[in-house]
Each structure stands twice: as structure tokens, then as C-alpha cells.
């Protein structure tokens, strides 16, 4: 079965409480359509924070329908794969996993496989063609339909439903409007925007996430207030290009005759979220350098809850390569705004993304990237080797692909520069007293606690007793390693106030 309804048609059927494909009443529970009701699930997530947040909502929807989370595939009746397609090996990873899951599914009657996320949005019918044992294939705009599609597959067989765009008048398509099973209880992701209007030559995101749509301002602030009332103390605002948040809302208001300026509202949002009682830390990701405005930096500086951390993707230091990428800024403009950010925000940590080997990148271009990276003096850098993604402009530049051996050499040279910068930044913090939020025991050594500073730096520290995740404390930094800090507990500032588990609430869509 394949659903071919448009987003607006689906919104209409939702308003009637019916499925467009069958016309029957919507299901209150999976149990109502099958004697063999799935009782447990597991969600595997690939990709970015947006995918992680979508997975929380998928889990929340399944639990609100009576299912429980399994600890392993063997204990699960349903496996959900929430996919990413940013990197070239994403396809191999998905179909390799699906090959293993076929054996898992055949081993027990009633097991179900759901594939969602960006790769299914891109591949559409290809998923079930290559893996016909998959029960549900859904796209990035279908998260709110998870339980309904699963129920339909139980009743009628495999189904693919890929909405090409968001339903503008259905706020349930914002992941944060759906029930959630959060992986942590003291912090939370809050979606402020979906989609992207940029045209970066290497990026598949606009094709799989759709056009930029900002969530209503009051909805965001109301959700943060609700989270704070549940004991959440830290929120991260999510969007593909957060600092353009609200531009589409302003334009829509102007079209409706309102006398408003067509400008982003992200700075105002930062101030309002940061003013919510109980919220002690506010983070956001990711901004675009071409849209970074002075008012955002001022809001960061003047709002105590907003953390002193800026993820500021450079991608390349060569103006020629930046132009080929369609990034919309020069290295000079990037560095000027970075200087302004550090002037306004004391003790600011800056992280970035850099791509090595973009089609046509020359040695001179790469040297310029090394120079800009050294001048920017980043706290941490996520370095990537260019990965062509079908459907992007850069994937067609095959005549200009850089030799893999050259790319590998450049990658190592860049890593040496950025890791030296990061290590020096960490060594400079030795002897300082840092405020940290405890995340729990260290994965490598359970006798050591781990937490994060306001600058988002990971700290492994000794403590005379185990501290509950979400505890605010201070630690003296005793050693700065290249990728983390070490320290010892100085003082517990505040015990966590969150519940052991934020309950899953039902939602009417």
C-alpha cells in the first residue's frame, strides 16, 4: 500500500479523524487492528541532533500507544531505524543493517521494521525495493504518523508514505509538539524551525527536510516553560539555520497586512527562552555565518542563561571554494564576526565544521583553510572529507573531484593544526574552577564522574560520592587533554529537580 495524499489532503483527513487510504476511523491503539500486538520497540538513530530529537518523538508516540522500550533487538517486537544521508556511507550502513534485521524478523512472528528519517525521504520507494521485508518507510515529515503507519502495515501490509513538504497548518509536524521519551531528564532539545532555504552545493538537507518553516514564537516559549516546570534546567534550540528563525513568520505577517519588519527573530527568542524561570542554560545549533547578526551576539552576551559556546561552521577558508559551495560569506567576513563575538562574550568557546577536498580545491585553497583555521583558534573542529551526495550540485562536479590520496594528506595536515589549537585551549583552563552539569559516570571509568561546562567542554572529575545526572557543581581543572578536561569536585551547587523520567503525554493531532 502506498499513500499518495498531499500534505493538505492529509491535514483534511486528520481533521475528520480518518485515514486517507482507508477512510476508517483513526486508531487509538495498535491493539485494535491486530491480535498480535507489538508490545516493545527499540529505536536506532543515525545522524544529527535533529534526528535524535525525532527519535525521542517516535519513542514517545509508541509509548503513548502502550508499547515499552526494549533493551535489545532480541527483546523488541518493532525496530525503528531513523536514518541520516549526509555522509556517503549512510546507504551502505542502512542496507547492511536491514540485511541483518531480515534474519531477526524471520526468527519470530509479528516482528516489524520501520525505516524513517532523511535517507528514506531521499530514497523513497527504493528502500522497500531493496529490502521488501521492511514494513513501514516514512519520511522526515511523517514522524507524527508513526503509530498510524505501523498499524496500517499490520492490517494491510508494507506501506511507504513520504510527504514532500510539511503541513503548514499542522503544528504536530514540529517534532517538539509531539509526545516524547527523552533520553535524559535534566536537559531537552526544542525544535524552533524545520527545513532549510540555503543552497549549499554539498548539502542534501534542503531536499530531505524541505523548505524553512519557523515554529510559532509563543509555542516555543510555552514548551520551555513546561519543561522547566518538570525540572529541566538546560535546553538546546534546534534548527537547520537557527539564526534565520522567524524571517518567514515576519514575511507572512506582512503579507497579511501587518506592519512588521521582515527580519529574523532569533535574538528575541534567545532572550525570552533565557528568561524562563528554572532554565539555567540555553544552547543552540546550528547558525549560518552569512546570517549571523550583531543582535544575536548581543543577546548571548546579555542573557545570563545563554551559554558561552558558539558553533560557527567555517567549511572552508578559501573564498573561491566558499563561493563554489554557495556559502554566502568570505573568510574575512567570517573572521570579523568571530572577533566581534569574542569581544562581546567573555570566555567564549568556538567550535566549527570544515570540509576537506571539496571538488576543485587546490593546494593554495587548502593552505588558505589552514591559515584561517589557525587564525580562528577554534576550541574544537569537526573535520569531514567531502562526500558526494546524489541530488546535490557538488555530486555532479566529478571532473573536479580531488584525488583521495591528496585529500587524506590534507585531512591529516588540517587535523594537526586544529587539534593543536584545541589542546592549547584546554591547557589554558588548568587551575580554573569550572561550573559543570553532571551527566553521569564516565563510560571508561565508572568511578569517575563526567559533566559539561557552559562552554560545552567535557570534564571527567573525581568525586567522593556519585552525583545524580543534572547536578550543578564546580570542579577544579587539573589537566587539559586534547579532547576533554580532567578535574576534581570542589562544591555541589544545586541538586537536580527533574523527575526520574519525564512522563509521556498524549497529543491530539
Quick check: anything in the range 404-412 assigned by TED's automatic domain parsing to the domain that holds residue 325 and in contact with a helix residue (DSSP H, G or I) (Cβ under 8 Å, 6 or more places away or on another chain)?
yes
Of all residues in the range 297-317 being part of a loop (DSSP other than H, G, I, E, B) and out of contact with any strand residue (DSSP E or B) (no Cβ under 6 Å at 6 or more places or on another chain), which is farthest from residue 202 (Cα to Cα)?
304
Failed condition for residue 407, given (1) over 18 Å from residue 200 (Cβ atoms); (2) buried (at least 21 other Cβ atoms within 10 Å of the Cβ), with all others met?
(2)
Does residue 314 fit the bill of being modelled with pLDDT of 95 or more, over 20 Å from residue 246 (Cβ atoms), under 22 Å from the mean Cα position of the chain (by Cα) and outside the structural domain of residue 231 (by TED's automatic domain parsing)?
yes
Residue hits (the range 33-45; part of a loop (DSSP other than H, G, I, E, B) and either out of contact with any strand residue (DSSP E or B) (no Cβ under 8 Å at 6 or more places or on another chain) or at pLDDT below 80 (or both)) are 34, 35, 36, 37
Are any of the residues in the range 377-394 at pLDDT 95 or above, touching a strand residue (DSSP E or B) at 6+ places or on another chain (Cβ under 8 Å) and assigned to a helix (DSSP H, G or I)?
no
Against the condition modelled with pLDDT of 90 or more and either touching a helix residue (DSSP H, G or I) at 6+ places or on another chain (Cβ under 8 Å) or part of a loop (DSSP other than H, G, I, E, B) (or both), how does residue 249 come out, does it pass?
no
Can you tell me which residue in the range 416-436 is surrounded by the fewest Cβ atoms within 10 Å (Cβ to Cβ), limited to those that are within 29 Å of residue 317 (Cα to Cα) and in contact with a strand residue (DSSP E or B) (Cβ under 6 Å, 6 or more places away or on another chain)?
427
Looking at the range 437-447, can you tell me whether even one residue there is outside any loop (DSSP other than H, G, I, E, B), buried (at least 17 other Cβ atoms within 10 Å of the Cβ) and over 25 Å from the mean Cα position of the chain (by Cα)?
no
If you check residue 328 against the conditions, is it in contact with a helix residue (DSSP H, G or I) (Cβ under 6 Å, 6 or more places away or on another chain), modelled with pLDDT of 95 or more and surrounded by fewer than 21 Cβ atoms within 10 Å (Cβ to Cβ)?
yes
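Every residue, every condition in (1) over 16 Å from residue 299 (Cβ atoms); (2) modelled with pLDDT under 95; (3) under 19 Å from the mean Cα position of the chain (by Cα), yes or no:
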| residue | (1), (2), (3) |
| --- | --- |
| 259 | yes, yes, no |
| 264 | no, yes, no |
| 267 | no, no, no |
| 271 | no, no, no |
When restricted to 224, 190, the only residue assigned to a helix (DSSP H, G or I) and buried (at least 23 other Cβ atoms within 10 Å of the Cβ) is 224
Need the failing condition index for residue 282 against (1) within 17 Å of residue 309 (Cα to Cα); (2) within 19 Å of the chain's Cα centre (by Cα); (3) surrounded by fewer than 23 Cβ atoms within 10 Å (Cβ to Cβ), just the number.
(3)
Could you list, in sequence order, the residues of the range 48-94 that are at pLDDT 85 or above and within 30 Å of residue 357 (Cβ to Cβ)?
81, 82
Test: residue 146 is within 18 Å of residue 43 (Cβ to Cβ), at pLDDT below 80 and in the same structural domain as residue 37 (by TED's automatic domain parsing)
no
Test: residue in the range 415-426 that is in contact with a helix residue (DSSP H, G or I) (Cβ under 7 Å, 6 or more places away or on another chain), farther than 27 Å from residue 493 by Cα and at pLDDT below 95:
no
Does the range 61-77 hold any residues that are surrounded by fewer than 24 Cβ atoms within 10 Å (Cβ to Cβ) and touching a residue at least 60 places away in the same chain (Cβ under 8 Å), and which are they?
63, 64, 65, 69
Out of contact with any strand residue (DSSP E or B) (no Cβ under 7 Å at 6 or more places or on another chain) and part of a helix (DSSP H, G or I): does that describe residue 373?
no
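The values are calculated or read from the model by the stated rules, or taken from the named source; none is laboratory data. Predicted model, so just to flag it, every value in this text is computed and none were measured. As a convention, Cβ positions derive from the backbone with ideal geometry for all residues, glycine included, and neighbour counts pool all protein chains shown.
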